[in-house]
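The values are calculated or read from the model by the stated rules, or taken from the named source; none is laboratory data. Because the structure is a prediction, the values reported are computed rather than measured. Neighbour counts run over all protein chains shown; Cβ positions are idealised from the backbone, glycine included.
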Amino acid sequence: MTRGAADILVSLLATALAAGLVWSAVHLPAAPGLAGLVERNLEASGVESAVTAVLLNFRAYDTLLEIGVLLLAVIGALSLHPGEELSPAATEALSSGPEPSPMLMWFVPYMVPVAFVIAGYLWWAGSTIPGGAFQGGTVLGAALVLLLLSGRKFSIRPEAVATRLWLSGGLLFFLAAGAVPMVTGDAVLQWSEEWSGITIVLIEAGLTLSIGGCLAALVVGVPAHPPERALRGRRP
Amino acid sequence: MTENLGLAFDATLAMLLVWASAQATSRDLFRAVVMFIVLGLLASLAWLRLGAPDLAMTEAAVGAGLTGVLLLDTLGRLRWKRQKRGGPQ
């Protein structure tokens with residue numbers, strides 16, 4: 001089969017697949033979905049935002065596994081760290097590139113506090129309106145990356161116990177809080193109606209801090225300039 | 001009037017989405033990464049139009065922002081490694 005004929009065959013197959021998908025999307029039976037169910041039980045969830053109610057109450061294990069996956073990714077990235085003696089690049093992180101521009105140096109001191117406030121607001125707003133731990137955590141992570149970029153006296157040291165507690169704290173607190181309902185004979189992660197509101201807000205606080213740290217650690221986790229021996233080991 | 005404007009906006013957005021996803025497969029990796037970020041921001045707008053502000057925020061922050069930064073960082077490291085080997089670029 002020539003190249004041209006193969007191309008035509010592939011495009012025909014792709015077109016047929018796309019047409020099939022469109023056809024089935026158009027002919028989907030009208031399903032009520034779960035929106036009604038969530039709406040009816042919203043009051044029992046402890047928060048007013050339907051999305052947060054699903055993420056942190058009705059389907060809390062989903063979010064629990066999500067933060068677990070994120071932590072695993074960070075552990076994977078940090079495990080690529082070269083040995084005990086840290087290269088300067090590991091602690092200077094992204095500042096190992098060109099000199100930070102004056103604009104960045106001027107901008108960061110103004111921007112970082114604002115970003116911290118926005119992250120806090122997103123965390124707090126998450127219980128009533130769109131927002132929450134992941135959005136807040138991302139803003140926090142972006143602020144930390146800005147700090148690292150500007151080469152200020154801030155670094156993420158993977159070997160420090162405090163760093164490890166910070167990065168894993170969200171998951172650990174989530175797990176601990178999830179185990180509490182077992183004391184009264186309820187299922188794991190089944191918050192009691194009375195305490196669900198405060199539990200969710202506290203878990204989201206922990207998640208926001210940990211997610212921010214994890215995302216920043218992912219960006220700077222491995223030194224940009226690995227020491228010579230790390231490179232040599234991989235070459236044939 | 002407002003409905004027509006919304007429809008026109010949605011149609012433009014859909015076309016831009018298709019355009020950006022085509023551009024994101026560019027052979028020039030830097031261009032591909034930048035277009036991937038653009039695609040994420042456009043998708044975020046699309047989520048907003050579909051009435052899912054939560055998804056829109058996550059898409060913009062994680063899909064476009066964080067993934068974009070990680071991809072750019074990876075690109076920088078790859079380039080540095082190639083220079084070290086004395087290869088092209």
Quiz item: Quick check, is B:Val38 within 14 Å of chain A (Cβ to nearest Cβ), assigned to a helix (DSSP H, G or I) and at pLDDT 90 or above?
Solution: no
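Listed here are the residues, each with its yes/no results for (1) among the aromatic types (Phe, Trp, Tyr); (2) crowded, with 21+ Cβ neighbours inside 10 Å; (3) modelled with pLDDT under 85.
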| position | (1), (2), (3) |
| --- | --- |
| A:Gly197 | no, no, no |
| A:Ile203 | no, yes, no |
| A:Thr208 | no, yes, no |
| A:Pro223 | no, yes, yes |
Self-check item: Single residue of B:Leu66, B:Leu70, B:Leu16 found to be touching a Leu at 6+ places or on another chain (Cβ under 9 Å), surrounded by 15 or more Cβ atoms within 10 Å (Cβ to Cβ), in contact (Cβ under 8 Å) with a residue 24 or more places away in the chain and closer than 29 Å to A:Gly131 by Cα
Solution: B:Leu16
Exercise. Report the residue count in the range B:61-89 for those that are closer than 29 Å to A:Thr52 by Cβ and outside any helix (DSSP H, G or I).
Key: 0
Practice problem: Filter the range A:155-164 down to the residues that are assigned to a helix (DSSP H, G or I) and out of contact with any helix residue (DSSP H, G or I) (no Cβ under 8 Å at 6 or more places or on another chain), then identify the one that is surrounded by the most Cβ atoms within 10 Å (Cβ to Cβ). | Solution: A:Arg164
Exercise. Determine whether the range B:63-75 contains at least one residue that is more than 14 Å from chain A (Cβ to nearest Cβ) and acidic (Asp, Glu).
Key: no
Exercise. Mind listing whichever residues of the range A:116-154 are part of a loop (DSSP other than H, G, I, E, B) and either crowded, with 19+ Cβ neighbours inside 10 Å or within 14 Å of chain B (Cβ to nearest Cβ) (or both)?
Key: A:Gly126, A:Ser127, A:Thr128, A:Ile129, A:Pro130, A:Gly131, A:Gly132, A:Ser150, A:Gly151
Quiz item: Would it be correct to say that B:Arg27 is farther than 28 Å from A:Ile129 by Cα, more than 14 Å from every other protein chain (Cβ to nearest Cβ) and not in a helix (DSSP H, G or I)?
Solution: yes
Quiz item: Just one of the numbered conditions (1) under 18 Å from A:Val51 (Cβ atoms); (2) in contact (Cβ under 8 Å) with a residue 12 or more places away in the chain; (3) polar (S, T, N, Q) is not true of B:Thr58; which one?
Solution: (2)
Practice problem: Look through B:Ala46, B:Ala56, B:Ala22 and report the one residue that is within 14 Å of chain A (Cβ to nearest Cβ), part of a helix (DSSP H, G or I), crowded, with 16+ Cβ neighbours inside 10 Å and at pLDDT 85 or above. | Solution: B:Ala56
Practice problem: Read through the list (1) under 30 Å from A:Ile203 (Cα atoms); (2) hydrophobic (A, V, I, L, M, F, W, C); (3) at pLDDT 90 or above, then give the number of the only condition that A:Ala53 fails. | Solution: (3)
Quiz item: Which one of A:Leu37, A:Leu70 is over 13 Å from A:Leu207 (Cα atoms) and at pLDDT 85 or above?
Solution: A:Leu37
Quiz item: Which of the residues belonging to the range A:170-189 are crowded, with 17+ Cβ neighbours inside 10 Å, under 23 Å from the mean Cα position of the chain (by Cα) and free of Cβ contacts under 8 Å to residues at least 60 places away in the same chain?
Solution: A:Phe173, A:Ala177
